[in-house]
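Worksheet: one structure, shown below.
Taken together, the values in this text are just the output of simple stated rules run on the coordinates, not laboratory data. Remember, predicted model here, so these are calculated numbers, not experimental data. All Cβ positions, even for glycine, are placed from backbone atoms using ideal geometry, and neighbour counts span all protein chains on display.
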Amino acid sequence: MEAASPPEKSLTERTVAAARHVLAGRPAGMRAYLAFAGPAVIASIAYMDPGNFATNIQAGAKYGYTLLWVVLAANLIAMLFQALSAKLGIVTGRNLAEMCREHFPRPVVVVMWIVSEIAAMATDLAEFLGGAIGLSLLFEMPLLAGMAVTAVVTYGILFFEAFGFRPIELIIGGMVSIIALCYVVELVIVPVDWASAVKQIFLPQLPDAGALLLSVGIIGATVMPHAVYLHSGLTQARMLADDDAQRRTILRFSNREVVIALAVAGLVNMAMVMMASSAFHAGHPEVAEIETAYHTLAPLLGMGAAGVFLLSLIVSGISSSTVGTMAGQMIMQGFVGFRIPIWVRRLVTMLPAFAVVALGVNATNALVISQVVLSIALPLPMVSLLFFTGRRDVMGPFVNGRMTQIAAIAGAAVVVCLNLFLILQTLGLSLAGVGIGG
């Protein structure tokens, strides 16, 4: 009787086997090295979510290329903190929320959890609205129906989590590729003034108080609280190392992936601003809503440009909604120590988004406000991450070096200062004699 052949390994098992081959020091091809890629790709979708569309369209339409430097600065800060988050998971085997629960007093943990849940709801608001706006414009369906479709597709993608981490990584990676390709096409269609754009990337300026508010929104839409939490969870048990040498190898691949994935995300964000600037700034600086941008793009640059714009928005909404749910579950489990079913988690965080639409609130305004909420919530995970990765008793030989710690402190300080300006502006106050009121 012929012996039964062993069951075929799953995609996730084959990925782990390829990575272990590299870690063992055996010769390996490029496909084996690709086994380490995935976590930063998933995290990067948070930097191309519909909130970015809203803030980048407003920035480009009203201020032209002027705020491109803000996108660059936000992306560099994001690279650093995503790399630190990944390192925390790789070295400690714990995600950031779990570390907070284990090391901070309970009242602090409760406050951090509540703030994180509010941020998760703001994230869901942006993601659901973005996907729904795209679907409603493309298929002329009611906004609520578009949100329902987005929810169903998100649940369908999350189903693949049952097969391990690799299928989700590949699905999200494919969606990132679609969004990036859409903006390559847009930059071919729109008449970009490349010399002016490159100049503004490296020329920091804030023309007025509105630019400051929008800059905070860009920061909030780029450096995302849930992405800082999520990345440590994606790496904590993905590739378990046997010793410090293997951890260094995993960290080296992780850092390379962070740079590449977030560089792509940063270029996509810059492309959004350049598209809006080239299409709207000269003749339509009042364009501030995604719907208006679509309807204005069609006669200006043709249905091709408008259709590509909607496709990128829909893919962004669906993929970022999926990643947001993964992050929300990880944050809740980390802070309070228990899991809830994904469908319950999804329902809790998406209800506010449905309520906003049902109440008739302007969708794009809600998107921008959600990004400001995220920016205000951001200092908590940033400071916590700095605290843990800067402690030798936590990180051992992988503790942050002096230059890394200084750069991270500077990045966190920028975010905190921008938030202070935002609060003062919202209250109609002034700072150092400079009026920043509405």
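Span-like helix criteria (full DSSP H runs; alpha carbon extent of at least 30 Å along the helix axis; mean Kyte-Doolittle hydropathy of at least -0.5) are satisfied in the chain by 68-92, 106-139, 165-189, 244-276, 303-336, 402-426. Dipole magnitude for region 11-431: about 1320 debye, using +1 per Lys or Arg Cβ and -1 per Asp or Glu Cβ, origin at the Cα centre. As I understand it, the dipole of region 11-431 uses +1 on the Cβ of Lys and Arg and -1 on the Cβ of Asp and Glu, about the Cα centre. Which of Asn269, Ile42, Gly302 lies farthest toward its positive end? Of Asn269, Ile42, Gly302, it is Ile42.
Run the numbers for Val344 and Val414: contour at 0.36 nm per residue of separation, minus the present Cα-Cα distance, in nm. List each step's numbers first, then the result.
Details: separation 70, 0.36 × 70 = 25.20 nm, distance 3.60 nm.
Contour length minus the Cα-Cα distance gives 21.6 nm.
Modelled spin labels at Arg26 and Asp242, positioned 7 Å past Cα toward Cβ, are 1.2 nm from each other. Computed per residue of the chain from DSSP H runs no shorter than four, each worth -39500 (n - 2.57), the mean residue ellipticity at 222 nm is -25000 deg cm²/dmol. GNM remark for the chain: springs join alpha carbons under 10 Å apart, and the peak mean-square fluctuation among Gln236, Gln58, Gln405 falls on Gln405.
I need the GluC sites (Glu not before Pro) found in region 94-157, filtered to DSSP loop residues with at most 16 other beta carbons within 10 Å of theirs. Sparse-neighbourhood loop GluC sites (Glu not before Pro): Glu140.
Once you reduce region 291-312 and region 248-289 to the center of their Cα atoms, the two points are 19 Å from each other.
Before anything else, pin down the relative contact order of the chain: Cα pairs under 8 Å, at least 6 apart, normalised by residue count, whole percent. Each step should come with its number before you reach the end.
Numbers: 688 pairs, mean separation 148.5, N = 438.
With pairs under 8 Å counted, the relative contact order is 34 percent.
In plain terms, the chain from Glu102 to Val361 could stretch by 89.2 nm, reckoned as 0.36 nm per residue minus the Cα-Cα distance.
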